[in-house]
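J.: Here it is, the structure, as structure tokens.
FYI, it's all coordinate maths here, none of it is from the lab. From a predicted model like this one, the values you see are computed outputs, not experimental measurements. Ideal geometry is used to build each Cβ from the backbone, glycine not excepted, and the neighbour counts take in all protein chains shown.
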């Protein structure tokens, strides 16, 4: 049976949800909206949590795609070097440096967020804070 | 006709509703049936017990109970459970964990088609 919330309880729950929404908007995706008993407020809390989880998913995907792109760029750069023993032409070198910078900036933007139980290492690995099995 | 169904009956576990949608769509488009979806390890354990799927796609990082803990619980009660981890975490490290637990495989979320090949090989 659903217990009805008093006006004071509702106001307090709404205040708490607003605080968590602000934290999420500021990049703290490791926070969660609390359990609330009121039907509409419970729905709001659940939707806020889904939004944060989906945003974390998209951000990690961006970070990993940038990591893959950096790795491909490194291999391409090495392959090109063998064709230019005197050094890469200026325009190609600048293009590669610029792309590398863009991918690193993308990763830097993702790393500005606080993610739930995920650690993105600048060396390119993505791990669980809680450690896994080993 | 029930007897003609050659695909797998799969339980999809991921805390992200977008990822559940992506994985479920890929499964259906490749002839499999999605028996249910769970958004954390606790739900996964309960749904596995209730639905007895042929296979499970399991995320790792989830609130309440993570995928590694859920897989261990499922495999304790059903050592024949066919679990494939689909995760963003570092493949080199976590695929070893998956193997140690007794899962059937580990694939990166960046290569969503890979879990279909693993599933079809089960």
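J.: Helix-derived [θ] at 222 nm for chain A: sum -39500 (n - 2.57) over DSSP H runs of at least 4, divide by residue count, nearest 500?
T.: -22500 deg cm²/dmol
J.: What angle, in degrees between 0 and 90 and rounded to the nearest 10, separates the Cα long axis of helix A:39-81 from the longest principal axis of the Cα atoms of chain A?
T.: So the inclination is approximately 10 degrees.
J.: Classify the stretch B:11-122 as rounded, prolate or oblate from the Cα gyration tensor: take a ≥ b ≥ c as the square roots of its eigenvalues, call it rounded if a/c is under 1.5, otherwise prolate when a/b beats b/c and oblate if not.
T.: Judged from the Cα gyration tensor, the stretch B:11-122 comes out rounded (a/c under 1.5).
J.: Mind sorting A:88, B:27 by how few other Cβ atoms lie within 10 Å of their own Cβ, fewest first?
T.: Starting with the residue having the fewest Cβ neighbours, the order is A:88, B:27.
J.: Compute the FRET efficiency between residue A:42 and residue B:28 as 1/(1 + (r/R0)^6), taking r as their Cβ-Cβ distance and R0 = 30 Å, and round to the nearest 0.05.
T.: It comes out at approximately 0.50.
J.: Compute log10 of I(q)/I(0) for the stretch B:28-86 with the Debye formula, placing one identical point scatterer on every Cα and leaving out solvent, at q = 0.22 Å⁻¹, to two decimals.
T.: Cα-only, vacuum Debye calculation for the stretch B:28-86: -0.82.
J.: Another question about this same structure. Report the Rg/Rh value for the stretch A:1-96, based on alpha-carbon coordinates and the Kirkwood definition of Rh.
T.: Reported Rg/Rh (Cα atoms, Kirkwood Rh): 1.41.
J.: Need one number: nm distance between label points at residue B:121 and residue A:84, each 7 Å from Cα along Cα→Cβ, rounded to one decimal.
T.: Distance between label points: 4.0 nm.
J.: If you project the alpha carbons of the stretch A:55-107 onto their three principal axes, what span does each projection cover, largest first, in Å?
T.: 45, 16, 8
J.: Taking 0.36 nm per residue of separation and subtracting the Cα-Cα distance, what length does fully extending residue A:14 through residue A:96 add?
T.: 24.5 nm
J.: I've got another one for you. Report, to one decimal in Å, the Kirkwood hydrodynamic radius for the stretch B:1-51 based on all distinct Cα pairs.
T.: This gives a value of 11.4 Å.
J.: Working out 0.36 nm times the residue gap between residue B:42 and residue B:113, then minus their Cα-Cα distance, what length gain in nm do you get to one decimal?
T.: In short, 22.9 nm is gained.
J.: Follow-up question, since we're still on this one. Just the number, please: Stokes-Einstein D of the protein assembly as shown in µm²/s, Kirkwood Rh from C-alpha pairs, 25 °C, 0.890 mPa s.
T.: Estimated via Stokes-Einstein, D reaches 120 µm²/s.
J.: Another question, then. Arrange the peptides A:64-70, A:14-20, B:6-12 so that the one whose residues have, on average, the most other Cβ atoms within 10 Å appears first.
T.: Peptide ranking by packing, descending: B:6-12, A:64-70, A:14-20.
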